[in-house]
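As structure tokens, the structure follows; a few thoughts come after it.
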Amino acid sequence: MDNKDTTHSHLLSFLNAIPPVDFCCVYGSTLHSTDPGKSTMVDYILGVSDPLQWHSENLKMNADHYASWMVLLRGAKLITNVADKLGVGVHFNPYVTWNNKVNMLVDNLDIETINSVNLRAAVSAALLLLPPKFTEEDLYAKICSLSYVGDVRMLFAEDRNKVKKIVQGQFDLFQSMYKPFLEEYEGKDFLRFSSSKNQLANISQDCGLPVTHSHISFLPPTVRSQMGMKIGKKKVISESGKVGNGNELGFGSREEAAKCMQKALRRTVMVSSARQAVSGVLTVGGVKAARYLTSKMCKAWRSWTRT
């Protein structure tokens, strides 16, 4: 068995300690670290079709995954309600660890297909925010930064160089993930590539309104909806010359579209990150939350003071 299979098996072994799930992926810098000797946390994302039932079973197997007051009060129902109504539908626990690219381990919900849609949306969003000419690293950094635009943690509890470290440490992974979409956009003449001395691609993009409208059409529905509320829905002329159906977003300039999208993204991330932060404190308990926050703040402080 090669090293890749061994790692995959080791990551899967965590699932033996919890109730069955419909989806599971793992991510974290340790999976693609440039420093093999460094031990860091691996993040698991678990998806289940019936959270109430799953938490009921997990309480019997792993009561220490939850804050003691939640276990003593209403158990699984309270845990689920806090995640759904206060948080964003996610139960968070920073210290259920398995020390050891998003690696898909279980996918009975066809999340991989949904992820493909998200990757295309991320490319289009990043391109709207980039100038006419940029480098391949600039593109991946902009894509990565989308997750942190408006995130309340970035104010005091995240490494200021986090995006740069992620991109430089996992550059090959970014290339493999986004290559199909970049080739697709190149085929549509949205993008043009040229090589550089350091073997990283220099990229130029079409910044015309037809391409801008195409990028907007790939954005998530919630983002387009927020953009629509800000500027209203207008009829736009497609590349074929046909008039749109009135449900498309029309902008007078690319700059206007980019600014509107950035505001929508910032609001979405800010609200969800704040809700999830509060939910996380309640569900894992004060001690674990304080330990996790202290660790993050120390890392952030080092990044700000390091010369």
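The values are calculated or read from the model by the stated rules, or taken from the named source; none is laboratory data. Note that this is a predicted model, so its numbers are computed, not measured. These accessible areas exclude ligands, DNA and RNA; they are computed on the full protein's heavy atoms, side chains included. Shrake-Rupley method; radii C 1.70, N 1.55, O 1.52, S 1.80 Å.
A few points about this structure:
- Residue 200, sole failed condition from (1) part of a loop (DSSP other than H, G, I, E, B); (2) at pLDDT 90 or above: (2)
- All positions within region 104-137 that are modelled with pLDDT under 95 and of a type in the set (D, E, K, R): 107, 110, 112, 120, 136, 137
- When residues of region 54-98 are limited to those that are over 21 Å from residue 270 (Cα atoms), polar (S, T, N, Q) and modelled with pLDDT under 75, the one most open to solvent (accessible area, probe 1.4 Å): 68
- Some residue of region 258-276 being open to solvent by 30 Å² or more (accessible area, probe 1.4 Å), modelled with pLDDT of 65 or more and under 16 Å from residue 131 (Cα atoms): yes
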